[in-house]
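The values are calculated or read from the model by the stated rules, or taken from the named source; none is laboratory data. Everything quoted here is computed from the prediction, not taken from an experiment. Virtual Cβ from ideal backbone geometry, glycine too; neighbours counted across all protein chains shown.
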Amino acid sequence: MAAERPRGGARGAQGEGADAAPKRARGGAWVGRSDRGGGCVVAAAVALVLALVAGCANSPSSVVTPSAASPAEALGASPAQGEQGEPAEAPSPLVVEGAGELVPGRGPERLTVTEDGVVRAGDARGEVEVPGAAPAWRSRQASIEVVVLDRARDLRAVLVLLPTADVKDPPNRAQLLLLDVDGDGDGARLVPVLDLVLGIYGVGVAALEFPGDGSARLVEDGWMACAREDHPEAPVVREVVVYRPVDGGRMAEVERRPTALTQRCADLPSCPFDVVDGDAGR
């Protein structure tokens, strides 16, 4: 009867406890087995570490290069644009400024109009049309002030006068704005209620007046009266045009009244001033 082979396989010539031959690990290291069981674990761990090191050395993404870009550049903005990625806007040029007490008891506040048509009175903001007049005309004629529209209610308004774009002696364009506090939830704003051209030529002839009863009045000059009547030979009576609030709060012409002033149209010059240089002014 043949002797029974012990379990665990054949033993090599090296003696008990040694395997017949060592085995090559997947990473290229040689490992053997021990009856104690610890040698295989250590050798396998070393092989795994060597394999990982070799793999990382061959990977192009294993090296991370620090970026020198700023946070703004990382967001796609140039350094001059800043963190938000939006270039800073230059303020619009000033057209005219003044001061006035729009809110009773608050004291005088700064009044301004800028080239983009924004008008400000203290913390209130509105918009007006800015005609493209020559700088010389603006320096002589543009103004902004506070007027009392209704004395009984102490209702005040901002009056903006700007010359029109006419080359010869432009008349002023009057724009009147009322203060509306929290009218639409956006804070104090200036609402336009009247917009008209004062006369045909020049300034200081056709004047806008505020008698304090809630109305605005325009006394015609001779050119307006003659244009209204198509330049007759007989003298023309100059009228007072009355403007009052109508639907929606905007002011419109509601009445005309004759005055004691008359104008002979044949006596009118072509314009009240002669212009030597349209850019330089009168």
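What number of residues within the stretch 245-263 satisfy the criterion of being touching a residue at least 40 places away in the same chain (Cβ under 8 Å) and either loosely packed, with under 14 Cβ neighbours inside 10 Å or part of a loop (DSSP other than H, G, I, E, B) (or both)?
Of the residues in the stretch 245-263, 3 are touching a residue at least 40 places away in the same chain (Cβ under 8 Å) and either loosely packed, with under 14 Cβ neighbours inside 10 Å or part of a loop (DSSP other than H, G, I, E, B) (or both).
Being hydrophobic (A, V, I, L, M, F, W, C) and assigned to a loop (DSSP other than H, G, I, E, B), is that true of even one residue in the stretch 94-117? Walk me through it before giving the result.
Within the stretch 94-117, the first condition is being hydrophobic (A, V, I, L, M, F, W, C), and the residues that meet it are 94-96, 99, 102-103, 111, 113.
Still in the running and assigned to a loop (DSSP other than H, G, I, E, B): 102-103.
Yes, the stretch 94-117 contains a residue that is hydrophobic (A, V, I, L, M, F, W, C) and assigned to a loop (DSSP other than H, G, I, E, B).
Could you list, in sequence order, all residues of the stretch 111-122 that are under 17 Å from Pro91 (Cβ atoms) and more than 16 Å from the chain's Cα centre (by Cα)? So that I can check it myself, show each step before the final result.
Of the residues in the stretch 111-122, the ones under 17 Å from Pro91 (Cβ atoms) are 111-120.
Within the stretch 111-122, Leu111, Thr112 meet the criteria.
What pairs can you find where one residue is in the stretch 97-109 and free of Cβ contacts under 8 Å to residues at least 24 places away in the same chain and surrounded by 15 or more Cβ atoms within 10 Å (Cβ to Cβ), the other is in a loop (DSSP other than H, G, I, E, B) and aliphatic (A, V, I, L, M), and their Cβ atoms are less than 9 Å apart, with a gap of 6+ or different chains?
Close Cβ pairs satisfying both conditions: Glu109/Leu102; Glu109/Val103.
Specify the residue that is nearest to the chain's Cα centre (by Cα); the eligible residues are those in the stretch 126-148 that are assigned to a helix (DSSP H, G or I) and within 21 Å of Leu177 (Cα to Cα). First the steps, then the outcome.
The first filter runs over the stretch 126-148 and keeps only residues assigned to a helix (DSSP H, G or I), leaving 135-141.
Within this subset, residues satisfying the condition of being within 21 Å of Leu177 (Cα to Cα) are 138, 141.
Values: Arg138: 25, Gln141: 28 Å.
Within the stretch 126-148, the match that is nearest to the chain's Cα centre (by Cα) is Arg138.
Determine whether the stretch 141-164 contains at least one residue that is in contact with a Gly (Cβ under 9 Å, 6 or more places away or on another chain) and at pLDDT below 85.
No, there is no match, as no residue in the stretch 141-164 is in contact with a Gly (Cβ under 9 Å, 6 or more places away or on another chain) and at pLDDT below 85.
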